[in-house]
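The structure appears right after this line, and notes come after that.
The values are calculated or read from the model by the stated rules, or taken from the named source; none is laboratory data. On a predicted model such as this, the values are computed, not experimentally measured, just so you know. Note that each Cβ is placed from the backbone with ideal geometry, even for glycine, and that neighbours are counted across all protein chains shown. Remember, those area values only see protein heavy atoms, side chains included, never the ligands or the DNA or RNA. Shrake-Rupley method; radii C 1.70, N 1.55, O 1.52, S 1.80 Å.
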Amino acid sequence: MGLATAYHLAKDHPKRRILVLDAGYLCGGASGRNGGGVRAQWSSEANVRLMQESLAMCKDFAHEHRINTWFRQGGYLFLARDEARASELEKSVSLQRRLGLGTELIDGAQAKRIVPQLEPHGVLAASFNREDAVVFPWPFVWGYAEGARALGVDIHTFCRVRAVETSGGAVSGVVTDRGTVRAPIVVNACGAYSPELARSVGVDLPTKPHRHEICASEPLKPFLGPLVAELGSGLYFSQSTRGEIVGGIGNPKTPEGTSQASSVRFLALYARALMTACPPLSSLKIQRQWAGLYDLSPDHAPIVGPVDELRGFFLASGFMGHGFMMAPAVGKRLASLLATGETPEPFGAWAHRRFKLGTTPSEAMIIG
Ligand SMILES: Cc1cc2nc3c(=O)[nH]c(=O)nc-3n(C[C@H](O)[C@H](O)[C@H](O)COP(=O)(O)OP(=O)(O)OC[C@H]3O[C@@H](n4cnc5c(N)ncnc54)[C@H](O)[C@@H]3O)c2cc1C
């Protein structure tokens, strides 16, 4: 998120001094550890519109940044296995179609025609948008970093921001483990570590770090077109261009915290759900597993924009399991907000002050 914002700030609103500080290496955060799923299927108009733009930007990224992103437009196939989720899915599909997506509402048998290996029993409804995609995430991080550097942005890795400094109710800079930097604007895009940095200036950011696990199998002959995602269990899996089945599953029992350890429990949960959804994969061998951190937002919506209590302090946080796909469109909008002061859609609904006002953006198509 930070690199996308820096890139767009330098490109769309030039003549500013921009510095990106990362406590680790590029790709060390969630943006380098995710499943690369990019979709426009959402249940709220704001998210569908945002992701229509982001999907188009992802598609064009390889051309703009001269880097292979392994962009594969095989679609997303969502499955609903209970009445409530089936009815939500129906509403979402009708909204998506009104907004110009070609999403189809289908049943289990039709889903099986798209993925013949699927077990259709128990699938009450499914939705398929062939425009949704899967990419390899690293080239996006590298592409934004290289693009930003070429436009004059300074990027320092292994440089942790310890605290934000203030003076007279406004941001005046940051204290890092390599010294202090003066800056009138600071964007907190620390992912799951965002609340920690916000606390350094007494800002209560109600997001929580949550480990999310994922794995990749041995390579199989290509057979799987779309990324398959189950609403409810949070199971998702796709096939990479190398033939690996890459997938994960939500595990609400994972304790809060910044551990990025892998667990056998995840493998058991994932294997059970995957074998039920797609029985021919029951003999699949897992070759690698890893984990990354979600920055969990209490109402599942991102928290983006200025903080009322402190002039010059901006947030780009709470992106849960969908911040990678949103980064292109959000980075562009956040850059515009920083440069012009005008709040673009949907940042009004994502504002930090919503927790005081008690307003909640609604979104039903959250997975993982
Ligand atoms: C396993 C997994 C699968 C996922 N799958 C998908 C998916 O398919 N599609 C999708 O859209 N999203 C997915 N996500 C979510 C997505 O990866 C995140 O929402 C997104 O990458 C968040 O981006 P970010 O820039 O906010 O955070 P990050 O990418 O985590 O970046 C934050 C950066 O801040 C740095 N940092 C932290 N503290 C400090 C500090 N004090 N000073 C300086 N730097 C600091 C970190 O080193 C890190 O590089 C997945 C996430 C995981 C973990």
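So how far, in whole Å, is the C-alpha centre of region 246-315 from the one of region 159-201?
The distance from the Cα centre of region 246-315 to that of region 159-201 comes to 27 Å.
Rounded to a whole number, what % of the accessible area of the chain do carbon and sulfur atoms account for, probe 1.4 Å?
Of the solvent-accessible surface of the chain, carbon and sulfur hold 53 percent.
Near the amide H of LEU235, under 5 Å away, which other amide H atoms are found, from residues 5 or more places off or on another chain, if H is placed in the peptide plane?
Here GLU230, GLY250 satisfy the definition.
Set Lys and Arg Cβ to +1 and Asp and Glu Cβ to -1, take the dipole of region 274-341 about its Cα centre, and tell me which of LEU284, SER336, HIS322 lies farthest positive.
So the residue furthest toward the plus end is LEU284.
Using alpha-carbon positions, what is the distance between the centroids of region 331-368 and region 1-64, in Å?
Taking the Cα centre of each part, region 331-368 and region 1-64 sit 15 Å apart.
Restricting to Cα pairs below 8 Å that are 6+ residues apart, what does the relative contact order work out to for region 16-122? Please round to a whole percent.
Once normalised by length, the contact order is 24 percent.
Would you mind checking LYS11/LYS253; LYS253/LYS285; LYS221/LYS332; LYS15/LYS208; LYS112/LYS332; LYS59/LYS356 for any pair whose Cα atoms are more than 32 angstrom apart?
On the way: LYS11/LYS253 42 Å; LYS253/LYS285 25 Å; LYS221/LYS332 38 Å; LYS15/LYS208 36 Å; LYS112/LYS332 38 Å; LYS59/LYS356 38 Å.
Violating the 32 Å Cα-Cα cut-off are LYS11/LYS253; LYS221/LYS332; LYS15/LYS208; LYS112/LYS332; LYS59/LYS356.
Can you tell me the accessible area per residue over the chain, all protein chains present, probe 1.4 angstrom, in square angstrom?
Averaged over the residues of the chain, the accessible area is 45 Å².
Over the chain, what is the relative contact order in whole percent, taking alpha-carbon pairs under 8 Å and six or more residues apart?
The value is 24 percent.
Who wins for biggest fluctuation among LYS112, LYS356, LYS332 in a Gaussian network model of the chain, springs between alpha carbons below 10 Å?
Top of the fluctuation ranking is LYS356.
How large is the dipole of region 208-290 about the Cα centre if only Lys and Arg carry +1 and Asp and Glu carry -1, each at its Cβ, rounded to the nearest 20 debye?
Values: 9 positive and 5 negative charges, 26 e Å.
Charge dipole of region 208-290: 120 debye, to the nearest 20.
Around PRO219, what is the net charge, scoring Lys/Arg as +1 and Asp/Glu as -1 over all other residues with Cβ under 14 Å from its Cβ?
For residues surrounding PRO219, the net value is +2.
For every other residue with a beta carbon closer than 15 angstrom to the beta carbon of ILE18, add +1 if it is Lys or Arg and -1 if Asp or Glu, then tell me the sum.
With Lys, Arg at +1 and Asp, Glu at -1, the net is +3.
Find the eigenvalues of the gyration tensor of the Cα atoms of region 208-290, then list the square roots of 5 times those eigenvalues as equivalent ellipsoid semi-axes, largest first, in whole angstrom.
Each semi-axis is √(5λ); the values are 22, 13, 11 Å.
Calculated from DSSP H runs of 4 or more alone, at -39500 (n - 2.57) each and per residue, what is the 222 nm mean residue ellipticity of the chain, nearest 500?
Estimated from H runs of four or more residues: -9500 deg cm²/dmol.
Compute, for ILE185, the solvent-accessible surface of its heavy atoms (probe 1.4 Å) with the complete set of protein chains present, and express it in square angstrom to the nearest 10.
80 Å²
Quick one: how many Å² of ASP204 are accessible to a 1.4 Å probe, rounded to 10?
Only protein atoms counted, so the area is about 110 Å².
How large is log10 I(q)/I(0) at q = 0.10, 0.12 Å⁻¹ when the Debye formula is applied to the Cα atoms of the chain, each weighted equally and without solvent?
-0.61, -0.88
Where in region 33-50 does the label zone of ARG354 land, with the point 7 angstrom along Cα→C-beta and an amide N cut-off under 17 Å?
42-50
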